[in-house]
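Data first, discussion second: the structure below is written as structure tokens.
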Amino acid sequence: MTEYNLTCEESGCRLDKFVADSNVGLSRSAAVQLIENGSVTVDGKSANKKHKLKAGNSVKIIVPDPVPYEAKAENIPLDIIYEDSELLVVNKKKGMVVHPAAGNYDGTLVNALLYHCGDSLSGINGVLRPGIVHRIDKDTSGLLIVAKSDSSHSFLAEQIKEHSFTREYEAVVFGNLKEDEGTVDAPIGRNPNDRKKMCITEKNSKRAVTHYKVLERYKGYTHIRCRLETGRTHQIRVHMASLGHPVAGDLVYGVKNEKVDFIGQCLHAKKIGFVHPKTHEYMEFDSQPPDYFEKFLAKLKNISK
């Protein structure tokens, strides 16, 4: 149980928002469920989710222990670019979540990998993320490497840590970038006002470095290549938005009322390169952006003629 005594600054806040924004780390929908289940009280009494809090109120929140969950195998088609006894390189489609989490326990890349690989996946990241060495966002397409053994997982993860792991993305960003190439070196951490978003901040953050280069300029948009030196959550999306050039179709960090959101987020993990954990040879793989990405580029070329 967690108890909070409200300050004057928090007066007037809705109960569901306060619970979601509290240190408990809940989503808004999860907060509402706790309130409706009677697990949240205000001054010892149950309250409605719309209840407006006042300074001096005592809010008690009881969060039940998490129910153990183990990812289940599902027969979901995978676009496998390369596979051997130690690893796989998978081309993830847009819309697929990498591993199970609250609200997405089925239909993930991990569920598909468990069906394809059986028990042949590394266990370093636990039962919900077997084999997952690094991640890309749900709405980002492209290449991911998956480890089949703990030793290979550790070997690959060390390359990421040492910044020797090649990761290149292609993106279409809003507006016309001033420079033909550049680097964004700005720390990224959790947004204090919205736990689902990241932001550039010095507080509770990690260094994040993105190198970008302009590939083509169009009317209102720029096609770029990004090379990651680090791999923070939402890194390219946050860094490009900080320059005033968010990724086209990005519904979280993008331009409000942008008219390309029906196309999807134009960010694709195009290339990865690494030293193989067993042969110690450098390997590199490339993939073409998905059709919706290519069609949007073609549309921009026509508009820009």
Q: Evaluate segment 188-202: report whether one residue or more is without any contact (Cβ under 8 Å) to a residue 24 or more places away in the chain, open to solvent by less than 30 Å² (accessible area, probe 1.4 Å) and in a strand (DSSP E or B).
A: yes
Q: Please enumerate the residues belonging to segment 110-131 that are hydroxyl-bearing (Ser, Thr, Tyr) and open to solvent by less than 50 Å² (accessible area, probe 1.4 Å).
A: SER122
Q: Please go through segment 175-187 and pick out each residue that is crowded, with 17+ Cβ neighbours inside 10 Å and within 22 Å of GLY249 (Cα to Cα).
A: LEU177, VAL184
**Q.** Restricting segment 203-213 to residues that are basic (Lys, Arg) and part of a loop (DSSP other than H, G, I, E, B), the residue that is surrounded by the fewest Cβ atoms within 10 Å (Cβ to Cβ)
**A.** LYS203
(Q) Show the residue pairs meeting these rules: Cβ distance below 7 Å; 6+ apart or different chains; first residue within segment 154-179 and closer than 13 Å to ARG225 by Cα and assigned to a loop (DSSP other than H, G, I, E, B); second residue among the hydrophobic types (A, V, I, L, M, F, W, C) and open to solvent by 20 Å² or more (accessible area, probe 1.4 Å). (A) LEU177/VAL214
Q. What residue, of ILE303, ILE272, ILE263, is among the β-branched types (Val, Ile, Thr), in contact (Cβ under 8 Å) with a residue 24 or more places away in the chain and touching a helix residue (DSSP H, G or I) at 6+ places or on another chain (Cβ under 9 Å)?
A. ILE263
Q) Would you call LEU251 of a type in the set (A, V, I, L, M), surrounded by fewer than 17 Cβ atoms within 10 Å (Cβ to Cβ) and not in a loop (DSSP other than H, G, I, E, B)? A) no
**Q.** Residues satisfying the stated conditions in segment 225-237, i.e. over 16 Å from the mean Cα position of the chain (by Cα) and under 17 Å from ASP137 (Cβ atoms)
**A.** CYS226
Q. Any idea how many residues of segment 276-292 are touching an Asp or Glu at 6+ places or on another chain (Cβ under 8 Å) and more than 16 Å from GLU168 (Cα to Cα)?
A. 3
Q.
So, in segment 1-60, exactly how many residues are closer than 18 Å to PRO192 by Cα, open to solvent by 30 Å² or more (accessible area, probe 1.4 Å), free of Cβ contacts under 8 Å to residues at least 24 places away in the same chain and within 30 Å of the chain's Cα centre (by Cα)?
A. 3
Q) Are any residues in segment 266-297 in a helix (DSSP H, G or I) and open to solvent by 30 Å² or more (accessible area, probe 1.4 Å), and if so, which ones? A) ASP291, TYR292, GLU294, LYS295
Q. Is it fair to say VAL146 is open to solvent by less than 20 Å² (accessible area, probe 1.4 Å), in a strand (DSSP E or B), out of contact with any Pro (no Cβ under 7 Å at 6 or more places or on another chain) and over 23 Å from GLY123 (Cα atoms)?
A. no
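Residues checked against (1) touching a His at 6+ places or on another chain (Cβ under 7 Å); (2) at pLDDT below 95; (3) open to solvent by less than 50 Å² (accessible area, probe 1.4 Å); (4) among the small types (Gly, Ala, Ser):
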site: VAL67; (1), (2), (3), (4): no, yes, no, no
site: GLU70; (1), (2), (3), (4): no, yes, no, no
site: SER85; (1), (2), (3), (4): no, no, no, yes
site: LEU88; (1), (2), (3), (4): no, no, yes, no
site: MET96; (1), (2), (3), (4): no, yes, yes, no
site: THR108; (1), (2), (3), (4): yes, yes, yes, no
site: VAL133; (1), (2), (3), (4): yes, yes, yes, no
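The values are calculated or read from the model by the stated rules, or taken from the named source; none is laboratory data. Only a predicted model underlies this, so the values are computations on that prediction, with no experimental measurement involved. All Cβ positions, glycine included, derive from the backbone under ideal geometry; neighbour counts span all protein chains shown. For accessibility, only protein heavy atoms count, side chains too; no ligands or nucleic acids. Shrake-Rupley method; radii C 1.70, N 1.55, O 1.52, S 1.80 Å.
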